[in-house]
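The values are calculated or read from the model by the stated rules, or taken from the named source; none is laboratory data. Because the structure is predicted, anything quoted here is derived from the model rather than measured. Quick reminder, even Gly has a Cβ in these numbers, built from the backbone with ideal geometry, and neighbours come from all protein chains shown. Ligands, DNA and RNA are excluded from the accessible area calculation, which covers all protein heavy atoms including side chains. Shrake-Rupley method; radii C 1.70, N 1.55, O 1.52, S 1.80 Å.
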Amino acid sequence: MKLKTFPGGLHPPDNKEWSANKAIETCPLPGELVIPLAQHIGAPAELCVAKGDHVKKGQVIGTAKGFVSVPVHSSTSGEVTAIEPRPHASGRNLPAVVIRPDGEDTWVEGISGADPETLSPDAIRECIRAAGIVGMGGATFPAHVKLTPPENKPIHTLVINGVECEPYLTADHRLMLEETDRVLDGIVILKRVLGVARAQVGIEANKPDAIEVMTKACAGKGIEVVPLAVKYPQGAEKQLILALTGREVPSGGLPMDVGVVVQNVGTAAAVSDAVRRGLPLIERIATVTGPGVTTPKNLRVRVGTPLTHLVEFCGGLKGDPAKIIMGGPMMGATQLSLDVPATRGTSGVLLFREGEIPLRPEGPCIRCGRCVQVCPAHIMPTTIAAYARLDLIAEAEEFGAMDCIECGCCTYTCPATLPLVQAIRYGKGAILAKRRKV
Amino acid sequence: MLAAILSLGGIGLAAAVALGFAAKKFAVEVDPRELAVAEVLSGANCGACGYPGCAAYAKAVATGEAAPNLCTPGGASTVDKIAHIMGVAAVTASPQIAVVLCQGDNPKAKAKYRYLGVADCNAAQKIADGPKECPGGCLGLGTCARVCPFGAIEITPEGLAVISREKCTGCKKCVPACPRSVIRMAPLDATVHVLCNSRDKGAVVRKYCQVGCIACHICAKTVPEAYVVEENLARVVYEHYDQAAPAVAKCPTKCIRDFVEGYPEGSTFAPPVVPVKAEAAA
Ligand code: SF4
Ligand code: SF4
Ligand code: SF4
Ligand code: SF4
């Protein structure tokens, strides 16, 4: 049978063998947790503790500021030793709460779950918001917002993203395999919130064990597990929806425009914890891998754990890292140091040494058209990038710059190593700035 | 062949006659003062006057909408001429020049990461606030040089923008183009500048730059009238630029420079390197 997929995209070596067979291990608490107040797209949380305070595990340390925002919680019990700007995954120093664990790991009072069957969809949404759940595939968009579609956009399908199409990452794979029940429970709850009868779980065909386990678990629950072709960016929202439902999200539109809501498997598991057990999102599964780390692992990581600590737990660095990436190699963010903490959106940490990653300056475009062939958004990366670089913003917009999903396929495939995505992203910024002005 | 030339010539002639006729018939009355003003403007269409090009500015002057002293590239003589045409008193704005307030090129200021992206300062600034450890230093990717209508800015091979005293007309176009606001306007006659733009504390600056201002206040103590130190950064008080020179030799990091010999041209710009600390030089 031909597997479902979308047109465009490419197939980089997936390098999953580094960590695919490593069962999830719990990373011990570090000597110091650094919890950034900005861990989601939207307004950063507002600080509500002070230096010197003793906080408990699960206690709110930052309250949500606005609808597209969620609270931030302490990941353990201990003392707040500092509130100051610290290195953040964005490359800037951003406000963070620094906590010295007291080793007790005591939960804050009042943590209690409920049977989701007895809760109204709105009550469940509130649970999800209060638990600080964000899109855990890496986009970190507050989950409750996606789960509150406007009335004129009826939702008929819940799509669960278990694709994990980024090379190297295996955290979602292990989660589906080892914690199937949590994931499944989360999906059932999400279905209830949205009031949909239909749910589909997309998983890339390179995870046959996860497909098998999930298919068995989902049988008879109105949840269909669909194996998908192994191709990047199969896990991008619009591409996933196209592959699964055959519907194309219109340019400038959202999944809800075609009646779909997409949530990642990790998000589903977190939803189950939040509703059934009342647990806030203070830990997640992340893959630490790549040729630059001694023992690649899948880890259960407390939010705020510095990458240095994660790497140490994985046997330390192999040589000097030339590149540290948070997230996958295609869409992840390069880090300036290992001092940044893992957050709710950290799906993995990749380490490469000199020579293991191409670091070539750009050459001239040879008009080979490869970038156009692989572009899953069906735009012309080379043309748009050229316009953006010339500050011809109107032209870049006309050629569909805003449709770019920043998947990195064009940059990856370009033999001239042109920084295509960066140029297009720059153009998108200029287009948005222009739109705000008029 | 001859026929072809003749016929082409014929078409040309016919067109010329027609155009000449049209020009007479449809001529719009133009204020002669507007034409006269347009004549004395520099013709660079740089936009420093705030109008879209020299012609638009000439029109605005003629209608009395714009002041006669807005053409910075033209300098004092242009202002005089325009004032004469318009029959008003000349109020010359003191001529200005753009200065890059940074000497921290690649060998002298530390990089935060290796940048291999789009060669544009604004694009680079978007990635973790730029590849330079110093948050204020020149990125050297030449965005300013590309916007300068007079070719006055050059980027040295070491990655620093330098502005030619001869070519800069003070049009100010480069100032908003720089994402780090390294370029400031200064009076043309002032030759002494503090060439640094970092507001970090001295101890922090020492860690990443050999030639940065460490806010030691020696300049302000030497000539209190001519220097202020604010937010860990010394600046020349340009109202008293003529008194600024004595502090030049006293600055421990040599970040105050006197360009009395003329402003640097291109890559010849090589200020003395004074290692501040062994670790900074490493
Ligand atoms: S892949 Fe690179 S070289 Fe080929 S057309 Fe696109 S930009 Fe040009
Ligand atoms: S410290 Fe001053 S001189 Fe050095 S790079 Fe920064 S702005 Fe430039
Ligand atoms: S002065 Fe500013 S715009 Fe010019 S090269 Fe330096 S950083 Fe770039
Ligand atoms: S250097 Fe700046 S102020 Fe001087 S002419 Fe060029 S753009 Fe205008």
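Indicate the gyration tensor shape class of the range A:97-239 (rounded, prolate or oblate), computed on the Cα atoms with a ≥ b ≥ c the square roots of the eigenvalues: a/c under 1.5 is rounded; otherwise a/b larger than b/c is prolate and the rest oblate.
Cα axes put the range A:97-239 in the oblate bin.
What does the charge add up to near B:Met86, with Lys and Arg as +1, Asp and Glu as -1, over the other residues with Cβ less than 15 Å from its Cβ?
Summing Lys and Arg as +1 and Asp and Glu as -1 gives -2.
With 20 Å as the limit, write out which pairs from B:Lys108/B:Lys201; B:Lys221/B:Lys250; B:Lys59/B:Lys173; A:Lys318/B:Lys110; A:Lys318/B:Lys112 have Cα-Cα distances beyond it, or answer none.
B:Lys59/B:Lys173; A:Lys318/B:Lys110; A:Lys318/B:Lys112, as the Cα separations exceed 20 Å there.
Kindly provide the GluC sites (Glu not before Pro) of the range A:27-121 that DSSP labels as loop, not H, G, I, E or B, and whose Cβ sees at most 14 other Cβ atoms within 10 Å.
Here the GluC sites (Glu not before Pro) that fit, given the DSSP loop and packing criteria, are A:Glu104, A:Glu109.
Enter the Cα centre distance for the pair the range B:144-175 and the range A:267-325, rounded to the nearest angstrom.
That distance is 48 Å.
Quantify how strongly other chains surround peptide B:124-135 by giving the mean number of their Cβ atoms within 10 Å of each of its Cβ atoms.
The shielding value for this peptide is 3.
When ranked by the protection proxy of mean other Cβ atoms within 10 Å per residue, highest first, what sequence do the peptides A:15-24, A:300-309 form?
Output ranking for A:15-24, A:300-309: A:300-309, A:15-24.
Say R0 is 22 Å: what FRET efficiency, to the nearest 0.05, do A:Leu336 and A:Leu359 get from their beta-carbon distance?
Efficiency for this residue pair is about 0.90.
Chain pair A, B: how much accessible area is buried, both chains summed, with a 1.4 Å probe, in Å² to 100?
1200 Å²
For A:Lys318, what residues show an amide H to amide H distance below 5 Å, using hydrogens built from the backbone and excluding near sequence neighbours?
A:Val293, A:Thr294
To make sure I understand the rule: partners must be lysines, Cα under 18 Å from the Cα of A:Lys437, and not fewer than 8 residues away in the same chain. Which ones qualify?
A:Lys428
In terms of Cα to Cα distance under 19 Å, which aspartates and glutamates are near enough to A:Lys153, apart from those fewer than 8 places away along the same chain?
A:Asp122, A:Glu237, A:Glu248, A:Asp257
Which Cα, out of A:Thr118, A:Ile203, A:Leu350, lies furthest along the positive dipole direction of the protein assembly as shown (beta carbon charges, K/R +1, D/E -1)?
Result: A:Ile203, furthest along the dipole toward the positive end.
Report the Cα centroid-to-centroid distance between the range A:172-222 and the range B:195-241 in angstrom, as an integer.
Centre-to-centre distance over Cα atoms comes out at 62 Å.
Can you tell me, using C-alpha contacts under 8 Å and at least 6 residues apart, the relative contact order of chain A as a whole percent?
19 percent
Can you bin the range A:223-382 into rounded, prolate or oblate? Criterion: square roots of the alpha carbon gyration tensor eigenvalues sorted a ≥ b ≥ c, rounded for a/c under 1.5, prolate for a/b above b/c, oblate for the rest.
Note, shape of the range A:223-382 comes out oblate.
If the only charges are +1 at each Lys and Arg Cβ and -1 at each Asp and Glu Cβ, what is the size of the charge dipole of the protein assembly as shown around the Cα centre, to the nearest 20 debye?
520 debye
If you count only protein heavy atoms with a 1.4 Å probe, what accessible area per residue comes out for chain A, rounded to a whole Å²?
40 Å²
Would you mind checking which residues have amide H under 5 Å from A:Glu283's amide H? H placed 1.01 Å from N; only 5 or more apart, or other chain.
A:Val303
How much accessible surface area, in Å² rounded to 10, belongs to the heavy atoms of B:Glu39 with a 1.4 Å probe?
It works out to around 150 Å².
What does the C-alpha gyration tensor say about the overall shape of chain A? Classify as rounded when a/c is under 1.5, otherwise prolate if a/b is larger than b/c, or oblate.
Rounded, because the longest to shortest axis ratio a/c is under 1.5.
Calculate the mean, over all residues of peptide A:420-428, of how many other protein chain Cβ atoms lie within 10 angstrom of the residue's Cβ.
3
Taking Cα centroids, how far is the range A:372-438 from the range A:1-74 in Å?
First find each Cα centre; the distance between them is then 28 Å.
Pop out the ³J(HN,Hα) list for the range A:127-135 in order, Karplus 6.51 cos²θ - 1.76 cosθ + 1.60 with θ = phi - 60°, rounded to Hz; leave Gly and Pro as x.
Result, rounded to whole Hz: 4, 5, 5, 5, 7, x, 7, 10, x.
Evaluate E = 1/(1 + (r/R0)^6) for A:Thr81 and A:Ala205, where r is the Cβ-Cβ distance and R0 equals 41 Å; express this FRET efficiency to the nearest 0.05.
0.30
Checking the cross-link filter: which lysines have an alpha carbon closer than 26 Å to that of B:Lys167, excluding same-chain neighbours under 8 positions apart?
Answer for B:Lys167, where 26 Å is the Cα cut-off: B:Lys81, B:Lys254, listed by chain and number.
Share of the range B:65-198's accessible area from carbon and sulfur, percent, 1.4 Å?
Taking all protein chains in place, the range B:65-198 shows 55 percent carbon and sulfur surface.
Measure off, as a whole percent, the carbon and sulfur share of the 1.4 Å-probe accessible area of the range A:178-270, all protein chains present.
The C+S portion of the solvent-accessible surface of the range A:178-270 is 54 percent.
Do the alpha carbons of any pairs in A:Lys191/A:Lys238; A:Lys146/A:Lys221; A:Lys51/B:Lys132 sit beyond 30 Å of each other, and which pairs?
Violating the 30 Å Cα-Cα cut-off are A:Lys51/B:Lys132.
Considering protein heavy atoms only and a 1.4 Å probe radius, which residues within the range A:337-360 exhibit an accessible-area decrease of no less than 10 Å² in the full assembly relative to the chain by itself?
The answer is A:Glu354, A:Leu359, A:Arg360.
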